[in-house]
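Note sheet for the following structure.
The values are calculated or read from the model by the stated rules, or taken from the named source; none is laboratory data. Remember, it's a predicted structure, so these values are computed and weren't measured experimentally. For neighbour counting, all protein chains shown are included, and Cβ atoms are generated from backbone atoms with ideal geometry for every residue, glycine included.
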Amino acid sequence: MMDLLSSAADVLQTAPSLVPAPSSLTDAFVVAPFAGPPTIDFDYSSPVAQAFIKIAAIVLGACGILVVIAMGLCMTAISMKGFGDQRVLEFAGAALPWTIGGSIGLFSATGLAAWAANFQIFAA
């Protein structure tokens, strides 16, 4: 019985040397399947990132306000069809689709910027 225990102890002591070292890159991944590249996360707390986020928020917010004002002016000019100049009405009719398209593009860019800055509106 003691011979069996001593031989088991000898096997356990030599067990790490029984596993061969990986000889190629694929063998290394077979030995360590969970090994992968390190995660690289952007640090939003750095001063440069904070300044960039604030400037982008100011620019996108100001442009959003201007687009909404332009859309309101176009709709107001179109609603006063009989009161204004015909050239103003034509300009408002031509500018309204551009302001709608601009607002869609601008607010999509704002959403992408918020997503890139990891801004979570509905975070718990």
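Quick grid of which residues meet (1) of a type outside the set (F, W, Y); (2) closer than 29 Å to G111 by Cα; (3) part of a helix (DSSP H, G or I):
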position	(1), (2), (3)
F42	no, yes, no
S45	yes, yes, no
Q50	yes, yes, yes
V68	yes, yes, yes
K81	yes, no, no
F91	no, no, yes
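Select from region 93-124 the residues that are in a helix (DSSP H, G or I) and of a type in the set (A, V, I, L, M) and list them in ascending order.
Correct list: A94, A95, L96, I100, I104, L106, A109, L112, A113, A114, A116.
Check region 9-16 and report whether any residue there is at pLDDT below 70, in a loop (DSSP other than H, G, I, E, B) and over 30 Å from G111 (Cβ atoms).
The answer is no, given that none of the residues of region 9-16 is at pLDDT below 70, in a loop (DSSP other than H, G, I, E, B) and over 30 Å from G111 (Cβ atoms).
Could you figure out which of (1) loosely packed, with under 10 Cβ neighbours inside 10 Å; (2) at pLDDT 80 or above isn't true of Q120?
Here Q120 meets the rest and fails (2).
In this structure, is G93 modelled with pLDDT under 85 and surrounded by 12 or more Cβ atoms within 10 Å (Cβ to Cβ)?
So G93 does not fit the description; no.
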